[in-house]
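A short worksheet on the structure shown next.
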Amino acid sequence: MAILMGEFHLHITSTIGLLLAVCLAAGVLADFVHLPKVTAFLLVGLLVGPSALDWVPTEHVELFEPLLKLAMALVLFNLGCEFTFSKVRRVAAHCMALSIAEITATAVLVSIGLILFGCSGSMALLLGCLAVATAPATTILVLKEFRSEGPVTESTGFMVAMNNFACIILFEFAFLAIGWSQGTLQVSFSSQMLSVLLNVGGSMGLGIVGGLVVSYGCGFLNMKRWLVLLVAAVTFLLGVDESFEIPYMLSFLMMGVTVANTSDYKQKIVDELDHLSGLLAVLFFVAHGTELDAGAFIAAGKLGIVYIAFRIVGKWLGVYVAAKATRQPPEVRNWGGSCLFAQAGAAIALSTIAVNRNPELGKPIQDIILGSVVLFEIIGPLFIRHSLIQTGEVPLAQAIHHTSRTPLEQLREVVDRFRAAVNGTAPAAAVIGKVKVSDLLRKTKGIHQSADFDQVVAHIEHSHDNTYPVVDDRMRVVGVIRYPLLSDVLFDHSAAKLVRAEDLVSDIDSCLHEDDPAARAFELFQGETDDCIPVVQRASPHELLGVVRRSDVMHALITQRRKSK
């Protein structure tokens with residue numbers, strides 16, 4: 001009745017379904033256009049939010065706040081689990097100088113730059129502190145998406161943790177210094193400093209206690225009960241932090257560090273949370289995207305542009321100079337800083353605190369942060385992806401786009417499976433006795449054995465197969481390249497220039513001929529895992545004619561059985 005009267009309002013559960021659905025579409029599109037999924041989720045959130053289509057009610061997004069904080073908490077817990085004490089000592093030995101230089105350069109350059117362009121000293125100081133923060137959820141989830149490994153990935157994780165820790169500390173002490181210089185402190189300087197230290201120490205202490213509870217519980221509970229324990233511990237700890245108004249990010253970072261150093265099941269615990277954190281992360285980014293205000297970016301004006309420019313320069317230059325001075329690898333020197341541009345949660349939360357404490361000072365700070373976040377959250381993942389690919393820390397499967405079938409082929413497979421289910425068990429090969437290999441042939445020229453690495457990648461990106469015939473000058477098959485065997489191989493650009501297709505080939509057991517019955521193809525597929533088999537001329541020199549796909553053979557089986565009834 002309400003719909004007929006024009007009073008239909010989208011229920012919050014439908015809003016969640018809508019956001020997840022548009023994220024699913026955005027993720028597929030991101031694969032095609034080589035875009036990090038995090039950026040795609042943010043952009044689609046911006047599209048369906050108030051800044052564009054306005055499909056999502058603002059009050060619904062506000063109700064998501066506990067879930068979004070839970071998603072951030074899980075990401076930080078995951079990050080903390082990477083830092084065993086032995087790894088911290090090893091990574092800190094070469095990353096601490098990078099982190100200190102980057103934090104200092106960013107805070108100083110942003111503060112000075114803003115002052116030079118007419119910003120007050122107090123406002124410039126606070127913005128300089130906020131500029132240090134790097135979005136942990138955005139950065140870490142992009143690293144996980146691309147399954148990167150190497151010195152840049154390792155240093156990025158460490159510097160993200162240090163950035164957010166330093167940002168909270170610097171912000172609190174900057175506000176304390178401003179209040180002391182302006183004579184607005186309601187309590188003594190020493191009492192206020194003690195309060196700040198208690199908040200930070202209390203947050204970290206709660207994280208340690210939470211980590212010990214998780215480690216102890218997972219040690220004797222059945223693994224089937226771990227997820228309940230983990231969600232209970234994380235949500236309870238998050239609520240305690242919120243009740244006492246202490247920084248929850250430090251709690252969950254320390255919780256992860258504690259688990260990493262007190263449990264033998266650290267990796268299993270992380271794996272157990274991955275399914276939940278993955279779903280919440282999708283909701284986190286699309287909901288976060290709806291909150292991005294394109295108008296705020298324009299409203300930030302000249303000071304917003306100055307903040308953005310000097311923050312980018314500070315992060316890149318700080319890492320570059322420190323890496324060069326400490327003789328770090330060229331990859332870290334050139335690309336480490338560009339992995340730290342993303343900014344969101346911590347800076348937004350602290351700018352809100354600034355407004356609550358001092359509206360006159362905090363409101364313009366919040367406007368600049370909200371405006372710059374629109375840009376940083378979109379370009380941040382793009383810079384991370386580009387940096388990881390340039391350093392060669394991304395597995396081949398993550399660096400290129402490859403699908404095993406087209407949407408139409410997937411639709412055909414669904415229909416075939418339905419027909420098989422209706423008809424009973426899968427038909428025997430004898431049903432397609434009259435079908436020839438030539439009827440199922442898909443023509444391809446294969447990959448020439450002298451093709452370089454870039455040409456091999458280009459062929460894979462434009463193919464829906466997982467097995468690629470490699471031919472010589474006379475079009476004879478010399479072997480195949482199997483995508484699954486490549487997908488976990490790390491590569492770097494210097495080595496890739498030396499690799500040829502012939503270096504990547506695997507032997508094949510058999511080939512087909514045009515006049516072979518399709519039943520022969522069926523028999524061969526029964527004994528191997530390849531998704532297609534090369535078809536060659538029967539006469540010498542046995543030139544490659546094309547391939548027969550497993551899916552085409554199965555489709556022929558289903559179709560012929562239906563016709564025979």
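Non-local lysine pairs in the range 16-394, meaning eight or more places apart or on different chains, with alpha-carbon distances under 22 Å, amount to 14. Taking packing as the residue-averaged number of other Cβ atoms within 10 angstrom, the listed peptides 285-291, 89-95, 103-109 run from highest to lowest as 285-291, 103-109, 89-95.
Sorting the segments 293-305, 250-262, 74-86 by their residues' average number of neighbouring beta-carbon atoms within 10 angstrom, most packed first, yields 250-262, 74-86, 293-305. Look at the alpha carbon pairs under 8 Å that are at least 6 residues apart: their mean separation over the length of the range 16-394 gives a relative contact order of 31 percent. Could you tell me what % of all Cα pairs in the range 175-222 have separations over 15 Å? That fraction is 60 percent. A simple spin-label model places the labels of Ser540 and Thr326 6.5 nm from each other, with each point 7 Å out along Cα-to-Cβ. Note on the range 249-368: Cα-only Rg and Dmax are 18.9, 52 Å. One chain, two ends: Ile115 and Arg474. Fully extended at 0.36 nm per residue, the span grows by 122.2 nm beyond their Cα-Cα distance. Residues within the reach of a label modelled at Asp264 (point 7 angstrom out along Cα to beta-carbon, backbone nitrogen below 19 Å), restricted to the range 209-230, are 212-226.
A straight chain from Asp509 to Asp31 at 0.36 nm per residue would run longer than the Cα-Cα distance by 168.8 nm. Binning the alpha carbon pair distances of the range 198-253 at 5 angstrom intervals from zero yields the distribution 4, 22, 29, 20, 13, 8, 3, 0, expressed in whole percent. Taking amide H atoms as placed 1.01 Å from N in the peptide plane, the amide H of Val471 lies under 5 Å from those of Ile447, His448, Gln449, Val478, each 5 or more residues away in sequence or on another chain. The residues Glu242, Glu102, when put in order of fewest to most other Cβ atoms within 10 Å, stand as Glu242, Glu102.
Computed extension length for Met193-Ile298: 34.1 nm, one decimal, from 0.36 nm per residue of separation with the Cα-Cα distance subtracted. Normalised by 2.2 N^0.38 Å, where N counts its residues, the alpha-carbon radius of gyration of the range 74-141 equals 1.42. Semi-axis lengths, largest first, of the ellipsoid equivalent to the chain are 52, 28, 23 Å, with √(5λ) applied to each eigenvalue of the Cα gyration tensor. Each Lys and Arg contributes +1 and each Asp and Glu -1, all at the Cβ; summed about the Cα centre of the range 214-291, the dipole is approximately 340 debye.
Just need log10 I(q)/I(0) for the range 125-243 at q = 0.17, 0.20 Å⁻¹, Debye formula, equal scatterers on the alpha-carbon atoms, no solvent, rounded to two decimals. Result of the Debye calculation: -1.07, -1.19.
Packing here is the average count of other Cβ atoms within 10 Å per residue, and on that basis the peptides 28-36, 274-282, highest first, run 274-282, 28-36.
Counting other Cβ atoms within 10 Å as a rough exposure proxy, the listed residues Met554, Met159, Met96 run Met96, Met554, Met159 from fewest neighbours to most.
Dividing the helix sum by the residues of the chain, where each DSSP H run of 4 or more adds -39500 (n - 2.57), gives a mean residue ellipticity at 222 nm of -22000 deg cm²/dmol. Karplus-derived 3J(HN,Hα) values for the range 362-379, using 6.51 cos²θ - 1.76 cosθ + 1.60 with θ = phi - 60°, are x, 4, x, 5, 4, 4, 5, 5, 5, x, 6, 4, 4, 6, 5, 6, 8, 7 Hz; glycine and proline are entered as x.
Every read-out reported here was derived from the displayed coordinates using simple, explicitly stated rules and does not represent laboratory data. What you see is a predicted model; the values in this text were computed from it and never measured. All Cβ positions, even for glycine, are placed from backbone atoms using ideal geometry, and neighbour counts span all protein chains on display.
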